[in-house]
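Please read the structure below before turning to the comments.
The values are calculated or read from the model by the stated rules, or taken from the named source; none is laboratory data. Predicted, not measured: the structure shown is a model, and the values here were computed from it. Please note: Cβ atoms are built from the backbone with ideal geometry, for glycine as well, and neighbour counts cover all protein chains shown. Side chains included, ligands, DNA and RNA excluded: accessible areas come from the protein's heavy atoms. Shrake-Rupley method; radii C 1.70, N 1.55, O 1.52, S 1.80 Å.
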Amino acid sequence: MSREFAARTVEIADGVHAYVQPDGSWFLNNTGFITSQQGVISIDTCATERRTLAYLDAIADVTRAPVRTLVNTHHHADHTFGNHLLPGATIVGHEQTRAEVMAFGRPVNRGVWNDVEWGEFQLAPPFVTYATEVTLWAHDLRCDVKHVGTPAHTTNDSIVHLPDHSVLFAGDLLFKGGTPFVLMGSLGGTIDVLEKVVRPLGARTIVSGHGPVSGPEVIDDMLAYLRFVEDLARRAKAAGLTPLEAALETDLGPYADLLDAERIVGNLHRAYAELDGVEAGARIDTAAAYRDMVAYNGGRPLTSHA
């Protein structure tokens, strides 16, 4: 079965659905939607035209109501490139999400991944933005959309919390079954956000940006990996190793089976920068990090099944 047709809709609370795209690897993100008589709130879109159209078909299988509101949890391609396929929706996002979507522009295969068939594309950034938080309503269901306050996975991560159902859509602050990725944000910031923002919400059901729906144990799993990277970075940098050298010499141990192991290199690039005193979320040489990730992968382009 192809990864596209393996996508599934999971009702996690009354009128609240997660749309999960196995196996959660590069560009195979999760989305979600909340239904009411007034219309649908969508949380993110997908990376390509065909995947976003499949997602919209999945919504149509549940409700005939139109998608009236679209929330982007951050600017990355797999969560925003399908925005233009919801022309009737108000696109909501953090003000920096809008800026980063516009700065990134059109999809381009840059030789880092295998070729991806993006399909039709139009730039469609959020056009209703907030600085800290905004509340959406699906009839009488409260949906709290909050910027996490500091760079983490990116500079512009938001969460969608449904307190009445104890449900959290975490975007890429959390990965389940895949290697976390903080190259474009902050290692220390992600740890702080998970400990001080995400965990205190006490959500019983969590939809990570990639991987199956889970419970709060995913927070501990993610923190354990990030602290592993933090410790490795300190030791390897003190020993004079480059991020790539450190990654190649490292036994990933309990994290060896996570998808996309090459992300360890990108994470170390960010960790090294923070050890050098670079501000969280500051731009670093991500192109060099991706080249090292390809080298870690044996010189082969990284694999996306989008």
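Of note:
- Beta carbons closer than 8 Å, at least 6 apart along the sequence or on distinct chains, pair a first residue in the range 180-200 that is over 17 Å from Pro243 (Cβ atoms) with a second that is of a type in the set (S, T, N, Q) and surrounded by fewer than 23 Cβ atoms within 10 Å (Cβ to Cβ) for Gly189/Thr150; Asp192/Thr150; Val193/Thr150.
- Residues in the range 242-266 that are in contact (Cβ under 8 Å) with a residue 40 or more places away in the chain, in contact with a Phe, Trp or Tyr (Cβ under 7 Å, 6 or more places away or on another chain) and either within 19 Å of Gly188 (Cα to Cα) or not in a loop (DSSP other than H, G, I, E, B) (or both): Pro243, Leu244, Ala247, Leu248, Tyr255, Arg263, Gly266.
- Residue list for the range 129-164, filter: among the small types (Gly, Ala, Ser), in a strand (DSSP E or B) and surrounded by fewer than 23 Cβ atoms within 10 Å (Cβ to Cβ): Ala138
- Between Ala152, Ala124, the distinction of being within 21 Å of Gly211 (Cα to Cα) and touching a helix residue (DSSP H, G or I) at 6+ places or on another chain (Cβ under 6 Å) belongs to Ala152 only.
- Residues that are in contact with a strand residue (DSSP E or B) (Cβ under 7 Å, 6 or more places away or on another chain) and surrounded by fewer than 12 Cβ atoms within 10 Å (Cβ to Cβ), drawn from the range 251-306: none
- Residue list for the range 73-93, restricted to those being touching a residue at least 60 places away in the same chain (Cβ under 8 Å), in contact with a helix residue (DSSP H, G or I) (Cβ under 7 Å, 6 or more places away or on another chain) and open to solvent by 20 Å² or more (accessible area, probe 1.4 Å): His75
- Where strands (runs of 3 or more DSSP E) fall entirely within the range 1-117, those with at least 1 residues that are more than 27 Å from Gly185 (Cβ to Cβ) are at 8-13, 16-20, 31-36, 39-43, 67-71.
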